[in-house]
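Student: One structure is given below, represented as structure tokens, and several questions about it will come after.
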Amino acid sequence: MDRPNKPSAISPAGGAPKPSVHTEQGKVIASLPTGDSVQVLLFGATVLSWKSNGRENLWVSDAAKLDGSKPVRGGVPLVFPAFGPPPKDHATGKLPQHGFARNSHWEYLGSSSSESGKLASGGDDSIKLDFGLSHAQISDDAKNAWPYDFSLVYSVTLAKDGLQTMLNIQNKGDKSFEFQMLLHTYFRIDDISKVSINGLGSTSYIDKMLNATTQTQTDPTVRITGEVDRVYTDIKQDTTSILQDGKPRLDVVREGLSDSVVWNPWIEKAKGMSDFEPKDGYKKMIAVEVGAVDGWQKLEPGETFEGGMICKAHL
Ligand SMILES: O=P(O)(O)OC[C@H]1O[C@H](O)[C@H](O)[C@@H](O)[C@@H]1O
């Protein structure tokens with residue numbers, strides 16, 4: 001695995017202020033001179049917080065477990081190598097719901113000032129954090145359930161104009177494997193009744209609330225008025241936008257991915273989740289998740305796959 005330099009901190013030593021990075025209680029925390037920041041928990045490589053312009057953009061449950069006893073309820077849990085309950089007749093069939101990546105202890109590979117791809121800024125205006133997970137690092141249960149040699153590198157880039165999260169998946173073994181992946185992002189919003197979602201018009205979706213039947217998004221705008229659990233597939237538009245009170249609040253740009261899940265548990269489902277607090281927290285969150293979850297991606301030995309997102313917050 002290629003490793004960038006592993007500085008404990010990029011500290012200002014006179015001159016212009018620089019991004020800083022430190023580790024604390026199993027988390028890696030990076031900040032820009034602007035005050036924007038990101039926090040990543042090594043358990044699951046779960047992004048727990050992303051602040052820009054003094055505002056938190058992610059929702060995390062007050063009862064979320066951060067001690068590794070269960071996946072984090074909130075932030076950006078990483079789904080790999082299976083989305084949802086894996087089908088019993090598939091190679092992932094013995095894995096838990098959403099796979100093992102969100103349940104595993106990842107390694108911090110280090111930070112670098114990056115050319116942040118499609119984010120406009122680079123150099124001192126951005127910082128990239130890399131996290132790794134390989135076959136050798138997962139639990140024995142996960143190894144037995146899914147005996148493939150793989151390597152994941154998850155890169156989280158904080159820039160003044162957004163947050164980029166990219167997952168690179170490599171088949172390191174001598175047999176092919178199939179996978180699904182998803183960035184299960186819980187975005188923080190002010191009031192679900194005033195939220196609308198654009199950028200999914202004319203797209204087909206599997207509606208898990210309607211017996212997994214396939215529907216078409218005829219209204220260009222999605223509004224949330226009850227429990228919603230939809231898998232939009234083969235989306236033509238790159239960007240899904242979350243609006244609050246009709247004003248752009250967050251843009252989610254898919255990178256190398258064409259599916260998105262839109263999920264809100266609403267009242268009853270929230271009540272049923274012991275780690276979902278406060279119980280009316282469903283009013284403050286909307287999950288807009290980017291991924292490759294329609295069917296399976298196949299990787300031959302030595303091949304890699306990369307996909308992720310760029311999120312941009314509006315004031
Ligand atoms: O409770 P979890 O395993 O974290 O899953 C939370 C949710 O994840 C996705 O959004 C799925 O589409 C939902 O069906 C599921 O309820």
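The values are calculated or read from the model by the stated rules, or taken from the named source; none is laboratory data. Please read all numbers here as calculations on a predicted model, not as lab measurements. Every residue, glycine among them, receives a Cβ derived from its backbone with ideal geometry; neighbour counts consider all protein chains shown. The area values use the complete protein model at the heavy-atom level, side chains included, leaving out ligands, DNA and RNA. Shrake-Rupley method; radii C 1.70, N 1.55, O 1.52, S 1.80 Å.
Student: Please list, or write none, the aspartates and glutamates whose alpha carbon is within less than 18 Å of the alpha carbon of residue 175, excluding same-chain residues fewer than 8 places away.
Tutor: 149, 300, 303
Student: I've got another one for you. Counting only the heavy atoms of the protein chains, how much of residue 243 is accessible to a 1.4 Å probe, in Å² to the nearest 10?
Tutor: Near enough 20 Å² of accessible area.
Student: Can you give the Kirkwood hydrodynamic radius of segment 214-309 from its Cα pairs, in Å with one decimal?
Tutor: Kirkwood hydrodynamic radius for segment 214-309: 15.3 Å.
Student: Treating the beta-carbon of each Lys and Arg as +1 and of each Asp and Glu as -1, no other charges, what is the dipole magnitude of the chain about its Cα centre, to the nearest 20 debye?
Tutor: 520
Student: Also, quick follow-up: In straight Cα distance, which aspartates and glutamates are under 12 Å from residue 298, not counting same-chain residues fewer than 8 positions off?
Tutor: Candidates past the 8-residue exclusion: 178.
Student: Please give the contour-minus-distance gain from residue 269 to residue 90: 0.36 nm per residue of separation, less the Cα-Cα distance, rounded to one decimal in nm.
Tutor: Taking 0.36 nm per residue and subtracting the Cα distance, the gain is 61.7 nm.
Student: Would you please state the base-10 log of I(q)/I(0) at q = 0.15, 0.22, 0.24, 0.28 1/Å for segment 188-259, with intensities from the Debye formula using one equal scatterer on every alpha carbon?
Tutor: -0.50, -1.05, -1.19, -1.35
Student: Provide, for q = 0.13, 0.14 Å⁻¹, the log10 of I(q)/I(0) from a solvent-free Debye sum over equal Cα point scatterers in the chain.
Tutor: Those come out to -0.94, -1.10, one per q.
Student: If you don't mind, another one. If I model a spin label as a point 7 Å beyond the Cα along the Cα-Cβ vector, how far apart are those points for residue 221 and residue 55 in nm?
Tutor: Going from the residue 221 label point to the residue 55 one covers 1.8 nm.
Student: Determine which aspartates and glutamates satisfy two conditions relative to residue 271: a Cα distance under 17 Å, and not lying fewer than 8 residues away in the same chain.
Tutor: Filter leaves 62, 227, 229, 280.
Student: Okay, moving on. Going down the table (70/283; 128/247; 18/283; 247/279; 70/279; 143/284), which pairs top 25 Å between alpha carbons?
Tutor: Correct reply: 128/247; 18/283; 247/279; 143/284.
Student: Calculate the translational D of segment 29-70 in whole µm² s⁻¹ from Stokes-Einstein, where the hydrodynamic radius comes from the Kirkwood formula applied to all Cα pairs, the temperature is 20 °C and the viscosity 1.002 mPa s.
Tutor: 192
Student: Just order 132-143, 213-224, 52-63 by mean Cβ neighbour count inside 10 Å, highest at the front, would you?
Tutor: Going from most to least packed, we get 52-63, 132-143, 213-224.
Student: For segment 90-220, what class follows from the C-alpha gyration tensor (a ≥ b ≥ c being the square roots of its eigenvalues): rounded when a/c is under 1.5, otherwise prolate if a/b is larger than b/c, else oblate?
Tutor: The shape class here is oblate.
Student: Hey, another quick one. Say we join alpha carbon atoms closer than 10 Å with springs in a Gaussian network model of the chain; which of 235, 267, 197 then has the biggest fluctuation?
Tutor: 267
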